[in-house]
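Structure first, commentary second.
The values are calculated or read from the model by the stated rules, or taken from the named source; none is laboratory data. Quick caveat, the model's predicted, so the values are computed rather than measured. Just the protein is used for accessible areas: all its heavy atoms, side chains included, with ligands, DNA and RNA removed. Shrake-Rupley method; radii C 1.70, N 1.55, O 1.52, S 1.80 Å.
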Amino acid sequence: MSALKKLNLKGHLLTAISYLIPIVCGAGFLIAIGMAFGGTSQGSLVQGEFSIWDALATMGGAGLGLLPVVISTGISYSIAGKPGIAPGFIIGLSANAIGAGFIGGILGGFLSGYLAVAIIKHFKVPSWAKGLMPTLIVPFFTSIIGGLIMVYIIGIPVAALTSLLTDGLNSLGTSSLLVFGGIVGLLSGVDFGGPINKTVFAFVLTMQAEGINGPITALQLVNTATPIGFGLAYFIAKIFRKNIYTRSEVETLKSAVPMGVVNIVEGVIPIVMNDIVRTVTAVAIGGAVTMVLGADATVPFGGVFMLPTMSNPWAGVAAILVNVVVTGVALALIKKNVKEDEEIEVEEEDIDLDDIQIL
């Protein structure tokens, strides 16, 4: 077994992302609802000088601002168990403090987790002090060593990498944006809620933490538009005298479409699994048009609720509508004709409820 497999970097990252998602969803909805009704995210809430919408926006903003801390703590806990929680939290805060952001939080999580494991294995203490290992010795030494490494070593290259990514994405032309949007749509649709989708989500969330909203906007608009586009494809296919869904798939759409309005895309998983090549192709085509319309979301979740938070809400509305139409037309054209009573079996193991990701 290779050293990388033993480290299980991917497994620990995906575990941490699964902890992160509920916080993103909760905080995203709070800030989306607050800003939709005119609230603003404030540095502090002074009694009598804020509305309930300001409070919601501030609560959501505070939660999203701690995502580097959450990802660091989650990775560290996945690696070292309970002794990794405190150092992961502290090193994540350090990453936030020096501006290392989400990438710094990820690196800090691995650093604190493996440092904690190393101290547990190699730091020998008298028998009377063993009870102090998980509560004092491991957190203290891991935090001080890892924190100093984060502040004085990791921060410099992370800042350079972030700057490189920022400049690269900001300089994309129209054709490049089409390709980028298509890639986001393709990767998000390959396994809605699975490892690839979560990896894409981690990347675009990293970019948003650094002030680049385009990638997260593309992902969220694709996820919002996809179920609605699948529903529209049913009616467009009828115009071409095609029947592209089985009876069970039509029933699935009845719940998947309204779920998509609030950016819950898991309802279309059975349909995607039945014809993954054609459905993912349609999602990718729809995603390609999203990036060039100038929509700019400031929150990473919410579906239609994130529209008021955009710098140009009408661009967001246009992006969703165009994405829905393009996805619907593409799917209606490329999907094969099926009999209404035809049943396509999907093994239960193909859809792991533990892996479902609300995006």
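So the values come out like this:
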{"quantity": "Relative contact order of the stretch 1-100, pairs being alpha-carbon contacts under 8 Å that are 6 or more residues apart, as %", "calculated": "27 percent"}
{"quantity": "Sequence-distant residues sharing a close amide H with residue 312 (under 5 Å, placed H)", "calculated": "296"}
{"quantity": "Per-residue HN-Hα couplings for the stretch 265-281 [Karplus 6.51, -1.76, 1.60; θ = phi - 60°; Hz; x = Gly/Pro]", "calculated": "9, 5, x, 8, 3, x, 5, 4, 5, 6, 8, 5, 5, 6, 5, 5, 4"}
{"quantity": "Whole-number Å³ per residue for the convex hull built on Cα positions in the stretch 224-326", "calculated": "91 Å³"}
{"quantity": "Whole-Hz couplings from phi, Karplus 6.51/-1.76/1.60, listed for the stretch 24-41; x for Gly and Pro", "calculated": "4, 5, x, 5, x, 5, 4, 6, 5, 5, x, 6, 5, 9, x, x, 10, 7"}
{"quantity": "Share of carbon and sulfur in the accessible heavy-atom surface of the stretch 222-335 [1.4 Å probe, %]", "calculated": "72 percent"}
{"quantity": "HN-Hα J in Hz across the stretch 131-139 - Karplus 6.51, -1.76, 1.60, θ = phi - 60°, x for Gly and Pro", "calculated": "x, 8, 4, x, 9, 10, 5, 5, x"}
{"quantity": "Rh (Kirkwood; distinct C-alpha pairs) - the stretch 110-160, Å", "calculated": "11.9 Å"}
